[in-house]
Amino acid sequence: MLCFLVGLLFCRAVVGAEPDKGLFANLDMEWGGYLRAIGNVSWLEDDTIYQVVGHDPYYDGQLEWRLKNTLNMGTRWSLETHYELVALGGDFYEDTRKLAQTLPSAVSDLLVPAQVIEDDYRFFDLSRVLTEKDRYLVYNRLDRLNLTYNADWGTVRLGRQALTWGNGLIFNPMDLFDPFAPTAVQRDYKIGEDMAFVQVAMGQDGLQALYIPRRDPQTGNLDDANSAYAAKYHLVLSELEMDVMAARNFDDPVAGLGASGYWGGAAWRIDALYTHLTGDDSRSGFFQVVANMDYAWMWGGKNVYGLVEFYYNGLGRTGDYAKALTEQALVERLSRGEMFTLGRYYLAGQLQVELHPLVQSQTTAIVNLSDPSGLLQPQFTWSVTENVQAILGAQWHWGRRGSEFGGYPVTADGLDITAAPADRVYLWLTYYY
């Protein structure tokens with residue numbers, strides 16, 4: 001919060017000054033953001049991990065305020081700042097807090113969701129918990145704080161920013177840095193990372209490179225083994241576009257290839273990724289592949305959009321998901337938010353229908369092909385006014401006991417528990433300004 005206020009005072013001082021030439025010859029400040037209220041009602045089976053502390057059903061809420069500022073300094077330079085203030089609480093928050101204190105850390109880190117976005121790994125610690133009680137939590141953070149230079153040959157950006165790579169629409173393995181979860185309700189803002197980013201334009205082609213310095217969360221010291229180096233070259237060949245990616249992320253070398261194009265009126269995309277596991281005695285590495293196709297058409301006078309996607313994760317399992325707790329490479333990626341599922345083969349789809357110019361329905365389905373088990377996520381988006389949006393949705397899981405989405409038994413340190421996702425209904429109300 002202090003950094004944010006200092007930044008605003010600096011911007012105010014600069015704008016209020018008498019610019020004459022050079023960098024400060026043409027200053028322009030843009031403001032924006034949103035206010036958001038989220039309500040959730042969720043249900044869990046009686047024999048799940050939450051039975052030790054359980055409410056049923058769970059009622060929870062969250063309030064978010066994002067304030068955005070962009071200071072344009074001529075046509076070359078810009079400074080971007082996003083401030084977030086978040087308050088959350090309720091039954092699920094309270095019981096999750098109890099479980100995190102009760103369960104062994106190996107179980108808690110994998111099965112108990114984090115309550116707050118933390119900066120333990122990030123170069124800058126720009127997050128602060130303001131209030132933490134049994135039933136609620138209030139924290140604030142800077143989600144963007146970066147300086148950009150736009151040259152004729154490309155772009156250089158330093159500081160906290162967001163970047164998305166890859167062709168995945170629901171699963172996106174090439175997006176190594178804070179990807180969206182497959183069930184994300186809203187994808188308007190990714191979590192920012194502290195990085196140095198360079199983009200070089202080469203006609204239709206282009207090269208992007210980045211460096212993400214990270215710290216050891218135990219010592220707080222900058223740790224090269226936790227940091228990330230990556231580069232991606234985008235090549236346009238007539239109607240075919242290709243990506244070649246190379247990276248080192250958390251000391252693991254990663255190589256990826258991607259391609260996209262058109263088949264009739266449909267667009268197709270495919271990414272293949274190989275990760276070499278440094279220091280892992282059980283395996284040398286693993287592949288990930290995602291392939292999808294999407295198509296838009298008119299049906300009954302309505303705009304309709306559909307997609308289908310296949311995802312393969314060589315690190316995943318085809319059963320006995322309790323053993324995921326012993327798979328260090330998988331647990332690390334789940335806890336870091338790089339992966340979100342335990343299985344190996346998935347088929348996903350999404351159907352969007354414009355019911356009215358202001359109302360859109362969207363249904364997402366994800367199936368673990370090995371179980372089988374899966375989830376269904378229908379939701380409706382209503383543009384109430386020009387600045388107000390409402391999202392009403394649900395998430396329902398199915399599958400037999402022992403499957404990923406139906407719930408599987410876990411035994412750790414003498415505890416016999418069931419890990420199963422919660423069914424839920426949610427309402428998001430957002431005012432954009």
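Just a few scattered comments:
- Residue match in the range 241-249 (condition: modelled with pLDDT of 95 or more, closer than 30 Å to residue 405 by Cα and out of contact with any Lys or Arg (no Cβ under 7 Å at 6 or more places or on another chain)): yes
- Criterion violated by residue 231 - all others in (1) surrounded by 13 or more Cβ atoms within 10 Å (Cβ to Cβ); (2) of a type in the set (Gly, Ala, Ser); (3) under 23 Å from residue 170 (Cβ atoms); (4) out of contact with any Phe, Trp or Tyr (no Cβ under 6 Å at 6 or more places or on another chain) satisfied: (3)
- Residue within the range 311-319 that is part of a helix (DSSP H, G or I) and surrounded by fewer than 17 Cβ atoms within 10 Å (Cβ to Cβ) present: no
- Residue within the range 202-210 that is at pLDDT below 95 and in contact with a helix residue (DSSP H, G or I) (Cβ under 6 Å, 6 or more places away or on another chain) present: no
- Taken across the range 74-93, residues that are part of a helix (DSSP H, G or I) and modelled with pLDDT under 80 do not occur at all.
- The test for being part of a loop (DSSP other than H, G, I, E, B) and β-branched (Val, Ile, Thr) does not hold for residue 363.
- Some residue of the range 151-160 being open to solvent by 20 Å² or more (accessible area, probe 1.4 Å), touching a residue at least 60 places away in the same chain (Cβ under 8 Å) and of a type in the set (D, E, K, R): no
- Selection status of residue 106, assigned to a loop (DSSP other than H, G, I, E, B), within 20 Å of residue 334 (Cβ to Cβ) and either of a type in the set (Gly, Ala, Ser) or at pLDDT 95 or above (or both): no
- So residue 392, is it open to solvent by 20 Å² or more (accessible area, probe 1.4 Å), in contact with a strand residue (DSSP E or B) (Cβ under 8 Å, 6 or more places away or on another chain) and more than 30 Å from residue 432 (Cα to Cα): no
- For the range 20-44, the set of residues classified as modelled with pLDDT under 95, closer than 30 Å to residue 390 by Cα and crowded, with 16+ Cβ neighbours inside 10 Å consists of 42, 44, listed by residue number.
- The range 320-336: number of residues that are open to solvent by less than 20 Å² (accessible area, probe 1.4 Å) and either touching a helix residue (DSSP H, G or I) at 6+ places or on another chain (Cβ under 7 Å) or part of a loop (DSSP other than H, G, I, E, B) (or both): 2
- So residue 189, is it open to solvent by 30 Å² or more (accessible area, probe 1.4 Å), part of a loop (DSSP other than H, G, I, E, B) and not hydrophobic (A, V, I, L, M, F, W, C): yes
- Qualifying residue in the range 343-355 (condition: modelled with pLDDT under 95, charged (D, E, K, R) and either closer than 30 Å to residue 317 by Cα or not in a strand (DSSP E or B) (or both)): no
- Considering the range 134-168, and only residues there that are acidic (Asp, Glu) and not in a strand (DSSP E or B), the residue that is modelled with the highest pLDDT turns out to be 152.
Here is a yes/no grid of residues against (1) open to solvent by 60 Å² or more (accessible area, probe 1.4 Å); (2) in contact (Cβ under 8 Å) with a residue 60 or more places away in the chain:
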| residue | (1), (2) |
| --- | --- |
| 77 | yes, yes |
| 88 | no, no |
| 100 | no, no |
| 119 | no, no |
| 136 | yes, no |
| 142 | no, yes |
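The values are calculated or read from the model by the stated rules, or taken from the named source; none is laboratory data. Please read these numbers as outputs of a predicted model, since none were measured by experiment. FYI the Cβ positions are ideal-geometry reconstructions off the backbone, even for glycines, and counts take in every protein chain you see. All accessible areas refer to the heavy atoms of the entire protein, side chains included, with ligands and DNA or RNA removed. Shrake-Rupley method; radii C 1.70, N 1.55, O 1.52, S 1.80 Å.
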